[in-house]
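Taking it in order: structure first as structure tokens, then the write-up.
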Amino acid sequence: MSTAVHPATPIGPAVRPMPERGLGVSAPIAVVAAVCIVTWLAFGVSLADVLLFVGYALAFNLLPGCAAFVAIARPAGFGVRELAVGWGLGYGLEAGAFVLTAATGHRDLLPLYPVVVLVLAAPALWTLRGRLRIPRWTVAPSWTWGAAAVAVAAVLLTADGFFTQTPMPATAPGVDYSADVLAHLGFAAEALHHWPLQAPGLAGVQLHYYFLANTHMAAISQVTGIDLVTIAFRLYMVPMVLLLVVQLVALARAVGASAWAGVVAGALALLLGSLDPLPTVPTELLFTFPLSPSFLMGTIIWLPILILLAEHLDRRPEALRLPALLAIAIPLLFVCEGAKATSLPMTIAALALVGLWAFRRDRSRLPVVVGAGMACAAVILLFNALLYQGMTNSIGFHPLRAYLESQPFKLLDDRFDHSELGRVLLYPLALVFGTLRIAVTLLPGLAVLALRHRLITPPSRLLLLGAFLTGIAAMVLLTHPGTSQLYFFWPGYIAGAVLSAIGLVHVLGPRVAAMHLRRSWMLGGAALLALVLIIDMPVWDQTPKKSWSSLDDGVAYPHPNNNMTPQLYAGYAWIRDHTDVDDVLAVSQRFADAAHADPRYCEPSAFAERRAMLSCPSDGTSEYYGRLKGNPERFELNDAIFTAGSQDAVAFAAQKFGVRWLVADRLHGPIHPKVYRLGRIAFRNDEIAVIEVPRH
């Protein structure tokens, strides 16, 4: 006999439990957004420009990209993967729309691009409305706060390392801006005003360069009216860095790890660098991004490619079917190669390693590997035939030269008088310790994965390992002027950071979870760490500088030559505001240094937004004025105009190169008195004169 126990009948009306209410992921998102806005405002961006830029970023990058990805991929839900790939796709779609409207002469149609994308995506989005699940968290998962902490630290370090070095023009008594930053600003001005693109400092020479990041800046200015300087010096980089953090989380998940692995990867890649002898804070990536917008944009397009490829290699359930994959991956491949031409060769090398594994272990995966490799190779060949043709390729095969040119190996090589015997002793030392120096931060996590036999399982991790090893090989074997072999190394470093983070989370994750840390303690510790990094570390270069001192009108930027002063900027601004966009300048100054050894004077094309007959030499070649070798005509004309005041030289420059204005930089060198009689003086102050060339 058994006795059944029935629940007691409740007395009175049933009471429904109140639904949980919380901010969910909106809280960490709000914190990151607030930090970005406050940082922009603190560094001189007007509130109107901030609001315009945020609206543009949402309407032209994030929303169209995510809508297009969801409409094509038809995922079961919308999460970090869809945000990471879709947002990156949005940058690619914007670049394509800009190029199409500019090349066809219909720039006025660019504002319609997001409308067209959303209209085309609307039917598919409507059919998905019932089954598209969006995560609803009443309390934000802990990893979202970790990602927010990494993002906030990256933004603050960007402000400390980049914003402090680029005071807005005319706000500083004299400053030397980085020639790389100004060259990209000049490329953006060229894209804003002309098509097809020429080298802005070498009028008439086709631009052979990865210019899609510059079209992004130009598109923002064209649609919103925000000044290009504000975009290049303050705005465009921040959302890309935030997207990079999101993409690392998505990539970690795509290779079978947790979201926390992506957060740790973001910290390794963006906040901690090599040991030399202590961790470099931040990593050199945050130094590289401002100097190479092309690399930053190439990275945020490359990572979605890795995510989609990893899903197919591992045969994950969310992997796209072939038609959807082609519809998304092909545009990404084109934009990746047009933004930075180093990532796809890295991908091919990594795929080769996966292919060797697949040939021996699982040949059923070879079609994915071969197909992806052939697609990358086809895009590379197409761009080299159409855009990069004629580029001077100065990449050299010089084993360990990059190491031997850095300290302390250079010092030791000098002590050995560069003797063969000395190098026999030095080469092994440089190989071992040079490689350790650039990768030692990642080695503990990589060692954990190797010991636990998870370094190449699942196969997608072998893809990341291949990229990392290729990056190391590039640093060991290759050299390039300006250490540009780093652009082969950095994608590999990012891939290695993801693998290393997976290993660290395997070891430390359970121990941290066992500590039951309160979220308030974690946030407080992250905020304290970010504050210490900002206040204590002189980052990016060796000049002492602090963000707080720059905000208090302290000098926090390099200024030995005063290449840009308020009076010089006034002259360039007059040219920008009062001349035709097709006018060409002849500029007296060609050098970025007082010794006239560094011919990278890019201020005219950057701030005047006009082409110059001979100024900033960045034309897509790897050498200064590389395409002018053996043809000194421009140099001779420039010297004849400004050192001899030759009327014939002016007439010839006007006829052959379209020179309409002479820019006499009186601050950096003597100007022949006859120059002021070569035409009408349209603008003049103590440091610069702008002279109109007579029409014949």
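Throughout, read-outs are computed from the coordinates displayed, never taken from laboratory work. Keep in mind that this is a model prediction, so the values were computed, not measured. Don't worry about glycine lacking a Cβ; one is built from the backbone with ideal geometry, like all the others, and counts go over all protein chains shown.
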Helix 647-657 axis, angle to the chain major axis (alpha carbon atoms, nearest 10°): 30
Label-point gap, in nm, between residue 27 and residue 631 - each point 7 angstrom along Cα→Cβ: 6.4
Counting DSSP beta bridges with both ends in the stretch 566-692, the antiparallel % (nearest 5): 60
Neighbour-count order for 648, 593, fewest beta carbons within 10 angstrom listed first: 648, 593
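Can you give the extra length, in nm with one decimal, that the chain gains between residue 655 and residue 136 once fully stretched, where that is 0.36 nm per residue apart less the Cα-Cα distance?
Roughly 180.2 nm would be gained on extension.
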Range of Cα positions in the chain per principal axis (Å), largest first: 121, 73, 51
12 Å reach of a label modelled at residue 567, 7 Å along Cα-to-Cβ, counting backbone N of the stretch 658-674: 665-669
The chain - share of DSSP beta bridges that are antiparallel (%, nearest 5): 65
Stretch gain in nm, segment residue 419-residue 129, where the contour uses 0.36 nm per residue and the Cα spacing is subtracted: 97.2 nm
Cα-centred dipole magnitude for the chain, charges only on beta-carbon of K, R (+1) and D, E (-1), debye, nearest 20: 2640
Gained length - residue 582 relative to residue 386, 0.36 nm times residue gap less alpha-carbon distance: 68.1 nm
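Need one word for the stretch 566-692: rounded, prolate or oblate. Basis is the Cα gyration tensor (sqrt eigenvalues a ≥ b ≥ c); a/c below 1.5 gives rounded, then a/b vs b/c decides.
Details: a/c = 1.35, a/b = 1.21, b/c = 1.12.
In terms of gyration-tensor shape, rounded.
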Rounded to 10°, Cα long-axis angle of helix 486-514 versus longest principal axis of the chain: 30
Hydrodynamic radius by Kirkwood, which averages 1/r over all alpha carbon pairs of the stretch 177-267, in angstrom: 15.0
Dipole of the chain, positive direction: furthest Cα of 50, 510, 471, with charges on the beta-carbon: 510
Dipole-positive endmost among 489, 356, 378 within the chain (Cβ charges, Cα centre): 356
Between the stretch 297-328 and the stretch 25-104, the Cα center-to-center distance that results, in Å: 20
Residue 109-residue 451 pseudo-label distance in nm [points 7 Å out on the Cα-to-Cβ vector]: 6.1
The stretch 323-416: Cα Rg divided by the 2.2 N^0.38 Å rule of thumb: 1.50
Spacing of the two label points (7 Å from each Cα toward its C-beta) at residue 47 and residue 594, in nm: 4.4
Sequence of 54, 38 once ranked by neighbouring C-beta atoms within 10 Å, starting from the fewest: 38, 54
Farthest positive-ward along the chain dipole, Cα basis, beta-carbon charges - from 65, 334, 228: 65
Cysteines (scope the chain) whose Cβ has no counterpart Cys Cβ under 4.7 Å: 36, 66, 336, 376
Nearest 10 degrees, 0 to 90: helix 63-73 Cα axis against the chain principal axis: 50
